[in-house]
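Student: Pasting in a structure now, in structure tokens, and then I'll have a few things to ask.
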Amino acid sequence: MTVRPYFFLMIQSEDAVNLKQLQPGDSLTVTIKRFNHKYLGETTIQGKTVLVPGTIPGETIRGEVIRNWKRRLLLKPVEILEASSDRATPKCQHFTTCAGCQFQHINYEAQLAIKESRLRSYFDEDHPAQPLPLRGVIGSPNPYRYRNSIKVHGPGEPGFWQVLGVDMMRNEECPICVETVDQALQKERQDHFQRFTRQGILNVLIRGTKIGETYVGPENPDPEEVAWLNEELTHPLTGETYKLVVPAHAFWQGSTPMLPTLVEQVVRPIRDFQPEMLIESYCGMGLFGLMSAPFAKEVIGIEEHPLAIEAAKQNQENLGVANLRIFRSKTEDCLLEYLNILPEEKSSLIVDPPRSGLPKKVLKQILKSPPQQLVYVSCSPESFARNLNALCKQTYHLKDMVGLDLFPQTKHLECVGVLERV
């Protein structure tokens, strides 16, 4: 994609063409007015929404028609005729075609500003958490080469989703991945993933650890074929290096360089509070519980995924963490039972729910028997704000809040909120 001053070219304007007649491959010049909710550049012409990935509001571009629906038109940017001062050069040849990244064309400081603005936008002036104690968004030391796992999917030779597409694209690289993962992807792509497609395996997971181990295999293997990897993490508050085992097929934080920062932001308030008892719900492999164990008298982890439970217990045993107990259960079914045994004072709860946030059933349990301290880890600012609306009405005060850019070049943002019982 080229960037040229607008006055060098004479392109048919958006008002001089009937959008209904445009076919794939046709050209159209438009000026981008805004981002949509998926952070695609967007404008409205003749009552139709025109979407252009890889553009910035205020830019004028010449685009190639990819798809023309009844109410939407998708363009691929070909030339930037008037460029934003925030524009950067994407590092991936598949950017604007692959749906994985939204921001490679924006310089990193501007990306962080966009994410902070988005986070604030979910808290209107009447939100009970206002005024927000937001410390900003902590940027990643590695805006590229950070992601430690990817999944590629069929039908056919597995790949990534296309932007607004129903088909997969066969990406040849992924520069946001750590080098071992990207190299494994390139190697498999050169062979068209034949060692998997020949067996009818169309969903493939590639995962790499900090110490260089790599798994390439089925996303959902038979139980006897589960792969275990060795991982290493230095505790950001104690300096101790933990040797961990991680099953490739269970959830593990996907940003290798930002993992210590995330742990620090979650565990620091636990260290400062020194609870008698700490519960970590949705604990996965027990990461935050393990890291919090030096600062709490007793730690309880709740998780339903059997592989995650096995990893948590194995790491607990290997590390000799005596004050941590892991229970296999669904948070929605049992949280209140554990909340009821917390002491009135010096009690803490860490929640790290899925993107949809805390279900109403869990919120009710927390509000019925609220611990003194609540540390909320969220991968969705929208559900985070929605849950805090319930938590902060009468029961909690939002003491501290920070965003963490675990996934640069994408729209995703992690948040950590520290709440105190009123």
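The values are calculated or read from the model by the stated rules, or taken from the named source; none is laboratory data. Bear in mind that the values here come from a model prediction, so they are computed numbers and not experimental data. In this analysis, Cβ positions are derived from the backbone assuming ideal geometry, glycine residues included, and neighbour counts consider all displayed protein chains.
Student: Out of (1) touching a strand residue (DSSP E or B) at 6+ places or on another chain (Cβ under 7 Å); (2) at pLDDT below 95; (3) assigned to a helix (DSSP H, G or I), the odd one out for GLU224 is which?
Tutor: With (1) touching a strand residue (DSSP E or B) at 6+ places or on another chain (Cβ under 7 Å); (2) at pLDDT below 95; (3) assigned to a helix (DSSP H, G or I) applied to GLU224, the lone miss is (1).
Student: Could you check GLN199 against (1) in a loop (DSSP other than H, G, I, E, B); (2) surrounded by 16 or more Cβ atoms within 10 Å (Cβ to Cβ); (3) not assigned by TED's automatic domain parsing to the domain that holds LEU391 and say which number it fails?
Tutor: For GLN199, the failing item is (2).
Student: Of ILE300, ILE270, which residue is without any contact (Cβ under 8 Å) to a residue 60 or more places away in the chain and either in contact with a helix residue (DSSP H, G or I) (Cβ under 8 Å, 6 or more places away or on another chain) or of a type in the set (Gly, Ala, Ser) (or both)? Outline the logic, then answer.
Tutor: Details: ILE270 fails: without any contact (Cβ under 8 Å) to a residue 60 or more places away in the chain.
So the residue among ILE300, ILE270 that is without any contact (Cβ under 8 Å) to a residue 60 or more places away in the chain and either in contact with a helix residue (DSSP H, G or I) (Cβ under 8 Å, 6 or more places away or on another chain) or of a type in the set (Gly, Ala, Ser) (or both) is ILE300.
Student: Now a separate question. Being among the basic types (Lys, Arg) and out of contact with any Phe, Trp or Tyr (no Cβ under 9 Å at 6 or more places or on another chain) is the filter here, so list the residues in segment 203-235 that pass it. Before you say what the answer is, go through the steps one by one.
Tutor: Step one: of segment 203-235, the residues among the basic types (Lys, Arg) are 207, 210.
Passing the criteria: only LYS210.
Student: Being of a type outside the set (A, V, I, L, M, F, W, C), buried (at least 17 other Cβ atoms within 10 Å of the Cβ) and outside the structural domain of ARG135 (by TED's automatic domain parsing) narrows it down to one of THR96, THR89, so name that one.
Tutor: On the way: THR89 fails: buried (at least 17 other Cβ atoms within 10 Å of the Cβ).
Sole residue among the options that is of a type outside the set (A, V, I, L, M, F, W, C), buried (at least 17 other Cβ atoms within 10 Å of the Cβ) and outside the structural domain of ARG135 (by TED's automatic domain parsing): THR96.
Student: Same structure, new question: Which condition number does ASN387 fail, the rest of (1) surrounded by fewer than 17 Cβ atoms within 10 Å (Cβ to Cβ); (2) without any contact (Cβ under 8 Å) to a residue 60 or more places away in the chain; (3) closer than 29 Å to CYS101 by Cα; (4) not hydroxyl-bearing (Ser, Thr, Tyr) being met?
Tutor: Among (1) surrounded by fewer than 17 Cβ atoms within 10 Å (Cβ to Cβ); (2) without any contact (Cβ under 8 Å) to a residue 60 or more places away in the chain; (3) closer than 29 Å to CYS101 by Cα; (4) not hydroxyl-bearing (Ser, Thr, Tyr), the lone unmet condition for ASN387 is (1).
Student: Does at least one position in segment 285-292 carry a residue that is in contact with a Gly (Cβ under 6 Å, 6 or more places away or on another chain), at pLDDT below 95 and closer than 26 Å to GLU420 by Cα? Lay out the reasoning, then the answer.
Tutor: Narrowing segment 285-292 to residues in contact with a Gly (Cβ under 6 Å, 6 or more places away or on another chain): 286, 289.
Subset that is at pLDDT below 95: 286.
Next cut, closer than 26 Å to GLU420 by Cα only: 286.
Yes, the conditions are met somewhere in segment 285-292.
Student: Here is a further query. For segment 316-345: of the residues being of a type in the set (S, T, N, Q) and part of a helix (DSSP H, G or I), which is surrounded by the fewest Cβ atoms within 10 Å (Cβ to Cβ)? Before you say what the answer is, go through the steps one by one.
Tutor: As a first pass, look at segment 316-345 and keep what is of a type in the set (S, T, N, Q): 316, 318, 323, 329, 331, 340.
Filter once more, so that each one left must be part of a helix (DSSP H, G or I): 316, 318, 331.
Details: GLN316: 22, ASN318: 12, THR331: 21.
In this case the residue turns out to be ASN318.
Student: Identify all residues within segment 40-57 that are of a type outside the set (D, E, K, R) and either in contact with a helix residue (DSSP H, G or I) (Cβ under 8 Å, 6 or more places away or on another chain) or assigned to a strand (DSSP E or B) (or both); write none if there are none.
Tutor: First pass over segment 40-57, keeping only residues of a type outside the set (D, E, K, R): 40-41, 43-47, 49-57.
Correct list: GLY41, THR43, THR44, ILE45, GLN46, THR49, VAL50, LEU51, VAL52.
Student: Quick one: in segment 372-387, of everything that is under 21 Å from HIS37 (Cα atoms) and among the hydrophobic types (A, V, I, L, M, F, W, C), which residue is farthest from the chain's Cα centre (by Cα)?
Tutor: The first filter runs over segment 372-387 and keeps only residues under 21 Å from HIS37 (Cα atoms), leaving 378-387.
Those still in the list that are among the hydrophobic types (A, V, I, L, M, F, W, C) too: 379, 384-385.
Details: CYS379: 6, PHE384: 13, ALA385: 16 Å.
Checked segment 372-387; the qualifying residue farthest from the chain's Cα centre (by Cα) is ALA385.
Student: Here is a follow-up. Restricting to segment 250-298, give me the number of residues that are in a strand (DSSP E or B) and closer than 21 Å to LYS210 by Cβ.
Tutor: Adding up the residues that qualify gives 1.
Student: Let me ask something additional. Somewhere in segment 306-313, is a residue among the acidic types (Asp, Glu), farther than 19 Å from CYS379 by Cβ, under 29 Å from the mean Cα position of the chain (by Cα) and in a helix (DSSP H, G or I)?
Tutor: yes
Student: Just checking, which of LYS297, LYS313 is surrounded by fewer than 19 Cβ atoms within 10 Å (Cβ to Cβ) and farther than 22 Å from HIS249 by Cα? Reasoning before the result, please.
Tutor: On the way: LYS313 fails: farther than 22 Å from HIS249 by Cα.
Answer to the check: LYS297.
Student: In this structure, does ARG189 turn out to be under 30 Å from VAL52 (Cα atoms), buried (at least 17 other Cβ atoms within 10 Å of the Cβ) and of a type outside the set (A, V, I, L, M)?
Tutor: yes
Student: Based on this model, can you work out whether GLU179 counts as modelled with pLDDT of 95 or more and touching a His at 6+ places or on another chain (Cβ under 9 Å)? Before you say what the answer is, go through the steps one by one.
Tutor: Working: modelled with pLDDT of 95 or more: yes; touching a His at 6+ places or on another chain (Cβ under 9 Å): no.
Spelling it out, it is not the case that GLU179 is modelled with pLDDT of 95 or more and touching a His at 6+ places or on another chain (Cβ under 9 Å).
Student: Could you please find all residues in segment 150-185 being farther than 19 Å from ARG67 by Cβ and either free of Cβ contacts under 8 Å to residues at least 12 places away in the same chain or not in a loop (DSSP other than H, G, I, E, B) (or both)?
Tutor: Of everything in segment 150-185, those that are farther than 19 Å from ARG67 by Cβ and either free of Cβ contacts under 8 Å to residues at least 12 places away in the same chain or not in a loop (DSSP other than H, G, I, E, B) (or both) turn out to be ILE150, LYS151, VAL152, HIS153, CYS177, GLU179, THR180, VAL181, ASP182, GLN183, ALA184, LEU185.
Student: Here's another thing I want to ask about it. Within segment 359-380, can one find any residue that is surrounded by fewer than 18 Cβ atoms within 10 Å (Cβ to Cβ) and in contact with a Phe, Trp or Tyr (Cβ under 8 Å, 6 or more places away or on another chain)?
Tutor: no
Student: Is it true that some residue in segment 123-142 is in a loop (DSSP other than H, G, I, E, B) and of a type in the set (Val, Ile, Thr)?
Tutor: Within segment 123-142, not a single residue is in a loop (DSSP other than H, G, I, E, B) and of a type in the set (Val, Ile, Thr).
Student: Right, ASP333: under 18 Å from VAL418 (Cβ atoms) and without any contact (Cβ under 8 Å) to a residue 24 or more places away in the chain or not? Steps first, please.
Tutor: On the way: under 18 Å from VAL418 (Cβ atoms): no; without any contact (Cβ under 8 Å) to a residue 24 or more places away in the chain: yes.
It is false that ASP333 is under 18 Å from VAL418 (Cβ atoms) and without any contact (Cβ under 8 Å) to a residue 24 or more places away in the chain.
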